[in-house]
Amino acid sequence: MTAGNDQLISHQWQPVFGAAESVIFPFIRKIDTISSNSYVIQTPDVILLIDPGGLTEQAENLLDVVGECRSERDRPLFVFLTHAHIDHFIGAQHLPAVASSVSAVFSVQESGADALERGDGMLTQADLLGITQLPMKTGFRLLTRQRADVSGAPVSLAFSNGAEVTVVQDRVGAEPGTELVRERITFGAGPGLEVYHTPGHSPDSICIRFGELLFIGDILFAANPGIAGLRGWSQEDLIRSLAGIHEILMGGGIRFVCPGHGRVIPAQDADRMLSAVRNDALALSNIAELNRERAEDAAAFAEDCMDQVNELFTIMAGRLYYVSYVMDELGEPEIAERMSAQFNGDAIDELLEAFKDFADEHHRHDNVSIHLALKAGQVIARLDRAFRRDELARLIDPSFVQRASRLLSDYTTMLRGFCPPSDLAVCELTPLVKALVTGLSVSMSSDEEMFASADDDAAFLDMLLARVGTRPLLEEIDLILDAGDEPVSALVDRELFSDLLTYILEELVGTGSHRITMTVERSGNEASVMISADTDSPDEPGARKTWRFLERLCERAGGRLAITDADNLRKFVVTTSYA
Amino acid sequence: MEITSATQERGTILSVSGRVDTATAPTLEQAINKDIDLGHRRILLNFSGVSYISSGGLRVLLATAKKLKNPDDRFGLSSLSPEVHKILKLAGFTSIFSIYSSEGEALDGW
């Protein structure tokens, strides 16, 4: 069965346009970090396997496909890696028929070949993913510096699988900054292929052009959070390679772009996607390397963050349902229905539950942190898209919306390799605390404003909805604020500090405290805010994660947090440097 | 999630344990509706074993509150974990239905 003109079909043989007597068998997988797509190509001279993938089962299936080709007519097998990350090849590690250089010749860009031969788990990402990678021999080193010395001249190579290959290395690229090193490889009289050195995602990344197909490896994902910053990643190289690939696509003759993960893409769409990658990449100057330590930090932050995100989203949904309930009670069923529809509750619940299931499974199997960190990144990106901030901020307490937004953005920032923002400045703590308490004690709209809107139906409805949706946190709380008369200035991030105090007050009110005491004071070189309340729920499950989240937040806000539970009194003390 | 139902003179108690999430909320709703269909209009949900409630679970609570609005009807929750209490409190639900510290406290008042 052949493919249509506008697609390549997975798991089926189909002709390769622009390459005579050649057919391709794409093995397309759903996107994950475990294994890449694979592609088997038959030409009259040779069988090519591009990226055998990260799963042994996948590599075995591909071997069956290759075996069928060989049973029809035996030809040499070449295994090309778009780059030597383990999700692209480790599945073949234990399969002698592929891994042995006698039966199949591994073909890898020179720096990737070096990494494979010395078993460099940092460059192949085996260390990050907790996988043992044995040193592997690569028979065909691509885009070598040695052949650069004879640029333009054909070089003949003979391989252990009996193949004789001609390679010509040159440089392509009309514009400055778009030049790529290229090798044209022919295996006989049939069609050959071209490989381009396109580093950035990794030092050994290549693109392979065969007929009207361009295999691009993982460059489409190279600027993604949790991918950018991997060992060997380079912003400068990536931007240059993207420019070079754009030029190849603009040169015409490419019908489909075959990525390392996910569906095959028409060339025009791919060019637009690559342009978006370039824009993302431009913003990634000086990101931290994504190593095992950072993956562990990100995973821990992800879990704390997702717990808070889950709580905030559930509260926001509840608030909207509450508004909807009240409107229904007031005989406004249409408005009630509209309110319920403002929150994409089921979709958001499913995303949050998917993460929880993933995290539970992750801990059960003691998996490596990067998977959890990446999963959180994926879920947070989807939550971000489903989150109708502006509408929600008009209907419910904007503090929930702002804090949820900040959490999503902070996690993405961290996963990208940056520190989440923290803007420390000298701040008077007493007015800050007083303003916060006032904001949490009174309704956002006054009675006068309600009365004033009574003559305008639409304005009154907006006012009513906002009033129902924004119930002051401290309205039924007996709060004693002891701030003294002395100014207490401290070096803090004002927004984060306010967020921290809000989270603490919510924790106390939400768990049933009715009387809260807040004290702002200076002691020597330190300034502190103490919040205490009676509680009958010491050491509840889940509290430790919340405490860990609050402690991290406090650090970013410029302080340190001590939490104590004694004699049914819970005390939070935020200590900062006196400024 | 597990639910057991016990009807007493003063009301029906549904004891719920586990997570009330998107997957399990419909089961809770069915269990409540079954009791309402049997004419039990004083319903107390004992949530002592519930560690988590999602927005889907909150919807079920509101739907039940809407159904039990007659003067003699009663609907309440008891024995909430701090996590669930926090969600209900901050979402504003504590002003829609009553929250009791124990089954006994609820039934004494009914």
So A:LEU352 passes all but one of these: (1) within 25 Å of the chain's Cα centre (by Cα); (2) more than 9 Å from chain B (Cβ to nearest Cβ); (3) without any contact (Cβ under 8 Å) to a residue 60 or more places away in the chain; (4) farther than 26 Å from A:LEU474 by Cα. Which condition number does it fail?
(2)
Select from the stretch A:310-349 the residues that are under 12 Å from B:GLY56 (Cα atoms) and charged (D, E, K, R) and write down the one among them that is nearest to the other protein chains (Cβ to nearest Cβ).
A:ASP349
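Quick one: is A:LEU142 of a type outside the set (Phe, Trp, Tyr), surrounded by 14 or more Cβ atoms within 10 Å (Cβ to Cβ) and either at pLDDT 95 or above or not assigned by TED's automatic domain parsing to the domain that holds A:GLY229 (or both)?
So A:LEU142 passes the test.
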Report yes if A:VAL105 is touching a residue at least 40 places away in the same chain (Cβ under 8 Å) and either surrounded by fewer than 16 Cβ atoms within 10 Å (Cβ to Cβ) or not in a helix (DSSP H, G or I) (or both), otherwise no.
yes
Sole miss for A:ASP87 among (1) acidic (Asp, Glu); (2) within 21 Å of the chain's Cα centre (by Cα); (3) outside any helix (DSSP H, G or I) is condition (3)
List every residue pair whose Cβ atoms sit under 6 Å apart, with the two residues 6 or more apart in sequence or on different chains, where the first one lies in the stretch A:227-241 and is on the phi > 0 side of the Ramachandran plot and the second, anywhere, is assigned to a strand (DSSP E or B).
A:GLY229/A:LEU290
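Determine whether the stretch A:128-139 contains at least one residue that is more than 33 Å from the chain's Cα centre (by Cα), closer than 28 Å to A:SER241 by Cα and surrounded by fewer than 22 Cβ atoms within 10 Å (Cβ to Cβ).
yes
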Take the residues of the stretch A:280-309 that are out of contact with any Ser or Thr (no Cβ under 8 Å at 6 or more places or on another chain) and under 17 Å from A:GLN402 (Cα atoms): which is farthest from the other protein chains (Cβ to nearest Cβ)?
A:CYS305
Out of B:GLY18, B:GLY39, B:GLY57, B:GLY76, report the one residue that is closer than 30 Å to A:ALA543 by Cα, out of contact with any helix residue (DSSP H, G or I) (no Cβ under 9 Å at 6 or more places or on another chain) and not polar (S, T, N, Q).
B:GLY18
If we keep just the residues of the stretch A:504-526 that are of a type in the set (D, E, K, R) and closer than 19 Å to A:LEU312 by Cα, which is surrounded by the fewest Cβ atoms within 10 Å (Cβ to Cβ)?
A:GLU506
Does A:ARG522 meet the test of being within 14 Å of chain B (Cβ to nearest Cβ) and either without any contact (Cβ under 8 Å) to a residue 24 or more places away in the chain or not in a helix (DSSP H, G or I) (or both)?
no
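Can you tell me which residue is surrounded by the fewest Cβ atoms within 10 Å (Cβ to Cβ) among those in the stretch A:160-177 that are touching a Pro at 6+ places or on another chain (Cβ under 8 Å) and either at positive phi or in a strand (DSSP E or B) (or both)?
Looking at the filtered set, the residue picked out is A:GLY162.
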Per the list (1) assigned to a strand (DSSP E or B); (2) within 22 Å of A:PRO398 (Cβ to Cβ); (3) in contact with a Phe, Trp or Tyr (Cβ under 9 Å, 6 or more places away or on another chain), residue check on A:ALA562 breaks on (2)
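Report whether or not B:HIS40 is more than 13 Å from every other protein chain (Cβ to nearest Cβ) and out of contact with any Pro (no Cβ under 8 Å at 6 or more places or on another chain).
When the stated conditions are applied, B:HIS40 passes them.
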Of the residues that make up the stretch A:297-304, is at least one within 30 Å of B:PHE97 (Cβ to Cβ) and surrounded by 23 or more Cβ atoms within 10 Å (Cβ to Cβ)?
no
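Listed here are the residues, each with its yes/no results for (1) of a type outside the set (S, T, N, Q); (2) surrounded by 21 or more Cβ atoms within 10 Å (Cβ to Cβ); (3) over 23 Å from A:VAL165 (Cα atoms).
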site: A:VAL65; (1), (2), (3): yes, no, yes
site: A:SER71; (1), (2), (3): no, no, no
site: A:LEU81; (1), (2), (3): yes, yes, no
site: A:GLY91; (1), (2), (3): yes, yes, yes
Given (1) over 15 Å from A:TYR196 (Cβ atoms); (2) modelled with pLDDT of 95 or more, number of the condition A:LEU128 does not satisfy
(2)
Considering only helices (runs of 4 or more DSSP H) fully contained in the stretch A:418-476, which possess at least 1 residues that are modelled with pLDDT of 90 or more, under 20 Å from A:THR517 (Cβ atoms) and more than 14 Å from every other protein chain (Cβ to nearest Cβ)?
A:429-439
Looking at the structure I just gave you, is A:GLU486 in a loop (DSSP other than H, G, I, E, B) and away from chain B (no Cβ under 14 Å)?
yes
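A quick yes/no check of all residues on (1) outside the structural domain of A:THR132 (by TED's automatic domain parsing); (2) closer than 26 Å to A:LEU220 by Cα; (3) of a type in the set (Ser, Thr, Tyr):
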{"residue": "A:GLY18", "(1), (2), (3)": "no, yes, no"}
{"residue": "A:VAL23", "(1), (2), (3)": "no, yes, no"}
{"residue": "A:SER35", "(1), (2), (3)": "no, yes, yes"}
{"residue": "A:THR43", "(1), (2), (3)": "no, no, yes"}
{"residue": "A:LEU48", "(1), (2), (3)": "no, yes, no"}
Please verify whether A:ARG548 is touching a residue at least 12 places away in the same chain (Cβ under 8 Å) and not assigned by TED's automatic domain parsing to the domain that holds A:ARG406, treating the condition exactly as stated.
yes
Per-region count, the stretch A:199-239, residues in a loop (DSSP other than H, G, I, E, B), more than 22 Å from the chain's Cα centre (by Cα) and buried (at least 24 other Cβ atoms within 10 Å of the Cβ)
1
Answer yes or no as to whether A:LEU501 is at pLDDT 90 or above, crowded, with 16+ Cβ neighbours inside 10 Å and of a type in the set (A, V, I, L, M).
yes
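The values are calculated or read from the model by the stated rules, or taken from the named source; none is laboratory data. Worth saying up front: this structure is predicted, and the values here are computed from it rather than measured. Here the Cβ is made from the backbone with ideal geometry for all residues, glycine too, and neighbour counts use every protein chain on show.
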